[in-house]
Amino acid sequence: MQLNLRRVLIALIALVAIGGLWSALFAGSGQEKPGVAFEKLSGTLVIDYGMSAVKPVETVDFELPVGSTSWDIFKAVGIEVEGTQNYPTGFVCRLNDWPSTTDQDCADVPTFSEGSWAYYVTNPDIGDGWFMSGVGAATHTPVCGGYEAWVWIAPGESASATLPSFDPTPRGCN
């Protein structure tokens with residue numbers, strides 16, 4: 001059991017390090033173009049309640065001031081978000097009352113056996129398809145024309161095998 005936990009911790013540390021590098025490489029990307037200054041950025045938020053949910057996938061277009069974080073999207077579009085007690089804006093525990101309070105108390109970071117939200121992004125600068133974000137919503141800066149997706153990973157499901165069930169359409173910044 002300790003060996004598996006050690007592998008998970010090493011993988012999480014590597015993911016955070018890669019995410020930091022990824023964010024540094026693409027910081028500001030897609031928000032500025034020569035001769036054009038954007039005051040706002042637009043994109044789409046996707047909430048996918050997972051394969052076992054009876055709730056439909058939600059998509060909401062957003063517009064935010066440049067420099068906003070992905071956490072700001074929730075408030076801008078009216079999505080109820082709840083963090084954990086230790087990380088109230090650093091870890092998404094519940095979106096629109098999913099999962100229920102009986103399934104997840106949000107007292108701490110959910111365990112693999114409780115399920116959790118996986119965070120994916122894509123935008124015109126990084127190509128087609130979804131990429132798991134290496135940073136959380138409170139530190140990620142949305143890219144104009146991009147997509148942000150949250151997918152519920154039920155207990156026992158693999159986050160790496162579960163992508164958003166919404167197909168993003170390549171587009172530029174409005």
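Bear in mind these aren't lab numbers, they're just calculated from the coordinates by the rules spelled out. On a predicted model such as this, the values are computed, not experimentally measured, just so you know. When we count neighbours, we look across all protein chains shown, and the Cβ atoms used for this are built from the backbone with ideal geometry, even at glycine.
Right, Pro168: touching a residue at least 12 places away in the same chain (Cβ under 8 Å), under 13 Å from Ser116 (Cα atoms), in contact with a Ser or Thr (Cβ under 6 Å, 6 or more places away or on another chain) and in a loop (DSSP other than H, G, I, E, B) or not?
The answer is no for Pro168.
Within region 74-94, which residues are in contact with a Phe, Trp or Tyr (Cβ under 6 Å, 6 or more places away or on another chain) and assigned to a strand (DSSP E or B)?
Passing the criteria: only Val81.
Out of the residues in region 115-132 that are more than 12 Å from the chain's Cα centre (by Cα) and either part of a strand (DSSP E or B) or at negative phi (or both), state the one that is surrounded by the fewest Cβ atoms within 10 Å (Cβ to Cβ).
Among those residues, the one meeting the criterion is Asp128.
Restricting to region 37-74, count the residues that are out of contact with any Pro (no Cβ under 7 Å at 6 or more places or on another chain) and under 22 Å from Val109 (Cα atoms).
Qualifying residue count, region 37-74: 10.
Taking region 133-160 as the region of interest, how many residues are assigned to a strand (DSSP E or B) and either touching a helix residue (DSSP H, G or I) at 6+ places or on another chain (Cβ under 7 Å) or free of Cβ contacts under 8 Å to residues at least 60 places away in the same chain (or both)? Talk me through it step by step, then tell me what you get.
Keep residues of region 133-160 that are assigned to a strand (DSSP E or B), which gives 146-153.
Imposing the further condition that a residue be either touching a helix residue (DSSP H, G or I) at 6+ places or on another chain (Cβ under 7 Å) or free of Cβ contacts under 8 Å to residues at least 60 places away in the same chain (or both) reduces the set to 148, 153.
Of the residues in that region, 2 qualify.
Name the residues in region 99-114 that are surrounded by fewer than 19 Cβ atoms within 10 Å (Cβ to Cβ) and touching a residue at least 24 places away in the same chain (Cβ under 8 Å), would you?
Passing the criteria: Asp108, Val109, Phe112, Ser113, Glu114.
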